[in-house]
Amino acid sequence: MTNKVINININRNVTLELFMHENQPRPTILLFPGGGYDYCSERESNPIANAFFDEGYNAAILRYSVGEFKNFAHALDDANEAMSILSSHSSVKSEKIAVIGFSAGGHLAASLSLMGTMKPSLCILGYPATLKSFSKIMRIESESLHTLIDKSTPPTFIFSTFEDQLVPIDNTTKYIEALELNDVPFEAHIFQKGKHGLALGDKRTNMGEADKIEPAFAKWFPLCMMWLKENWGYVEREKNQEPSIRDLMVNETNKNLILEAFDIFESRETLTICRGHTLDNMNKILPDVFTLDKINELKNRLIESAH
């Protein structure tokens, strides 16, 4: 894996973080975290990118203009620049770039699919904020996005929950209705249970919060995998020669050895983000922490069945 951060706008702290497979050009998922345009949610950042990467897709996280730099026009410029960078990247199949966004990130993802200089070929929206009334709450200037849908809008996968009290469900249902009226292919899932901001809805993104786990809602990810395959075809998962950190830590002895060698994993959030990677991959991501000497020493101590 190649992990790299590209500065898109230093003055506004805008970055594009890449997670690229190295063996061949692949379909790529461009991710916009939520956060009301006030911040970029970590729950909806690296864990989501890792989930898609583990399924064989390249992933990229755009941390767009937020907070003191909040401005929808700037954020859309950031998204357009991210698309331009990805489309010319040697590891990316330029005709197979999908965008995914959550909440306010869903607003930006939908906007890119509707108004982008270079539109993604597929759009995935998680409990998106799409209505002008909600744009006012986020303190940005934007029309209701469903009014901009036309026949050029890319096929869309959209999901939300009935119980979401932060972004009302009509942000999703009005968008679905407009997709249907314009004959845009879509798949929609409205789950009954679940508060706002569930991300994956499982332990990978709950960050220690029990109410962020909803088994039924968590089905959106495998359903989305099926939808991507229906639209793009099968993507081969990269076969690791080494077990992932998650696999190694199934064994209690190995778990203790790993925590002893790398105390960075004492942070639950860090472990959640990294556990899908191998130790060798972590050397590429954080070479100053996961040095080859420390990794090789650890491997020699792990029990035989883990190799």
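Placing dummy labels 7 Å off each Cα toward the beta-carbon, the span from Thr173 to Glu266 is 5.0 nm.
You can think of it this way: the chain between Lys255 and Met118 has 44.8 nm of extra reach, that is 0.36 nm per residue less the Cα-Cα gap.
Here r is the Cβ-Cβ distance between Leu223 and Lys193 and R0 is 22 Å; the resulting FRET efficiency, rounded to 0.05, is 0.90. When only Cα pairs below 8 angstrom with a gap of at least 6 residues are kept, the stretch 124-176 shows a relative contact order of 48 percent. The modelled label-to-label distance between Asp280 and Leu166, using points 7 Å beyond Cα along the C-beta direction, is 3.9 nm.
Long hydrophobic helices in the chain, taken as whole DSSP H segments with a C-alpha length of 15 Å or more on their own axis and mean Kyte-Doolittle hydropathy at least 0.0: 72-87, 104-115, 220-232.
Ratio of the stretch 1-103's C-alpha Rg to 2.2 N^0.38 Å, to two decimals?
On the way: Rg = 12.8 Å, N = 103, 2.2 N^0.38 = 12.8 Å.
For the stretch 1-103, the normalised Cα radius of gyration comes out at 1.00.
Which percent, nearest 5, of DSSP beta bridges in the chain are antiparallel? The answer is about 30 percent antiparallel.
The calculated FRET efficiency for Asp183 paired with Tyr234, based on their beta-carbon distance and R0 = 35 Å, is about 0.85. Between their Cα atoms, which of Lys4/Lys96; Lys195/Lys229; Lys212/Lys255; Lys212/Lys294; Lys96/Lys219 are more than 30 Å away from each other? In this structure, Lys212/Lys294 lie more than 30 Å apart at Cα.
Here the chain is assigned +1 on the Cβ of each Lys and Arg and -1 on the Cβ of each Asp and Glu. Its dipole about the Cα centre then comes out at about 180 debye.
Size of the stretch 191-307: Rg and Dmax of its alpha carbons, in Å, are 16.9, 50.
With the biggest extent put first, the Cα atoms of the chain measure 60, 41, 40 Å across the principal axes.
At R0 = 35 Å, how high is the FRET efficiency between Tyr39 and Ser244 if r is their beta carbon distance? Nearest 0.05 is fine. E between Tyr39 and Ser244, to the nearest 0.05, is 0.75.
List the relative contact order of the stretch 188-307 as a percent without decimals, with contacts defined as Cα pairs under 8 Å and 6+ residues apart. It would help to have the intermediate numbers written out before the result.
Values: 101 pairs, mean separation 26.6, N = 120.
22 percent.
Note: relative contact order over the chain, using C-alpha pairs below 8 Å and six or more positions apart, is 14 percent. Entry note, the chain: the mean residue ellipticity at 222 nm calculated from DSSP H runs of n ≥ 4, each adding -39500 (n - 2.57), is -10000 deg cm²/dmol after division by the residues and rounding to the nearest 500.
The numbers here are math on the coordinates, done by the rules we state, and not lab data. All values reported here derive from a predicted model rather than from experimental measurement. Virtual Cβ from ideal backbone geometry, glycine too; neighbours counted across all protein chains shown.
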